[in-house]
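One structure is given below, encoded as structure tokens.
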Amino acid sequence: MAFTCRQCGTCCMYLGDYIVIEKQLGPFEFACESVSTGTQFVAVIDEDKREIFADHSFPEQHPHACRFLRPDGDLIRCTIHRDSPAQCKYYRCVVMRIADPSGDPIGYVTGNLSLHTEDPGLRAAWEMADREIPHRHPDAEGRYRGFLEAHGYRVE
Ligand code: SF4
Ligand code: SF4
């Protein structure tokens, strides 16, 4: 399935300790660090999001959220979309939704190929696939998908 971010903000709600503002450089410009990779970067608030960024009630109410996250109508959006670090830009929260042969949803897979399921049969099939498919294979995602479909699961 092609991944489309719904801008729900869920993945950024506990990243306040990982995307850190080190210094304010200007009204909308910040020196930052992505702590997990040790990458320093300068973030300028996107021009079309400066109004929502200026309201600090959301970060005050959600102290663990990334400092750049803000509500915008029904969405919760990153206000540094242009300058956000690579791991943010390429993050995909769901790359496969898996259903059993009758179509009942039983699990999903995140962009780093982690399975989330309570179903022991699916867990066992995934572990079997894990032993056969190298994670670094250029088409690992497609190979996992094919493996599950060959074992009767429906994958979207
Ligand atoms: S990547 Fe997923 S969890 Fe994060 S904002 Fe987009 S839809 Fe929500
Ligand atoms: S920089 Fe943007 S995408 Fe990355 S954690 Fe913060 S709000 Fe989320």
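Here Thr117 fulfils each of the conditions (1) modelled with pLDDT of 90 or more; (2) open to solvent by 40 Å² or more (accessible area, probe 1.4 Å); (3) of a type in the set (S, T, N, Q) apart from (2). Restricting attention to region 21-33, the residues being more than 10 Å from ligand 2 (Cβ to nearest atom) and open to solvent by less than 50 Å² (accessible area, probe 1.4 Å) number 4.
Scanning region 55-84 for residues that are within 14 Å of Phe28 (Cα to Cα) and open to solvent by 50 Å² or more (accessible area, probe 1.4 Å) yields a count of 5.
For Leu69, the requirement of being out of contact with any strand residue (DSSP E or B) (no Cβ under 9 Å at 6 or more places or on another chain), of a type outside the set (Phe, Trp, Tyr) and in contact (Cβ under 8 Å) with a residue 40 or more places away in the chain is not met.
Residue count for region 36-49 satisfying the condition of being open to solvent by 70 Å² or more (accessible area, probe 1.4 Å) and at pLDDT 95 or above: 4. Here Ser102 fits the description: polar (S, T, N, Q), under 30 Å from Arg154 (Cβ atoms) and away from ligand 2 (no atom under 15 Å from the Cβ).
Of all the residues in region 115-139, those that are touching a residue at least 24 places away in the same chain (Cβ under 8 Å) and farther than 14 Å from Arg97 by Cα number 1.
Scanning region 55-93 for residues that are at pLDDT below 95 and either more than 9 Å from ligand 2 (Cβ to nearest atom) or in contact with a Lys or Arg (Cβ under 7 Å, 6 or more places away or on another chain) (or both) gives Ala86, Tyr90, Arg92, Cys93.
Which of the residues that make up region 8-20 are within 10 Å of ligand 2 (Cβ to nearest atom) and assigned to a loop (DSSP other than H, G, I, E, B)? Of everything in region 8-20, those that are within 10 Å of ligand 2 (Cβ to nearest atom) and assigned to a loop (DSSP other than H, G, I, E, B) turn out to be Gly9, Met13, Tyr14, Leu15, Gly16, Tyr18.
Evaluation of Glu141 against the conditions (1) surrounded by 13 or more Cβ atoms within 10 Å (Cβ to Cβ); (2) in contact with a helix residue (DSSP H, G or I) (Cβ under 8 Å, 6 or more places away or on another chain) shows that the sole unmet condition is (2).
The residues listed here are Arg70, Arg92, Arg97, Arg77; of these, the one that is closer than 24 Å to Ala150 by Cβ and not in a loop (DSSP other than H, G, I, E, B) is Arg97.
The values are calculated or read from the model by the stated rules, or taken from the named source; none is laboratory data. Just so you know, these numbers come straight off a predicted model, no measurement behind them. All Cβ positions, glycine included, derive from the backbone under ideal geometry; neighbour counts span all protein chains shown. Ligands, DNA and RNA are stripped out before the accessible areas are found, and what is left, the full protein with its side chains, is counted by its heavy atoms. Shrake-Rupley method; radii C 1.70, N 1.55, O 1.52, S 1.80 Å.
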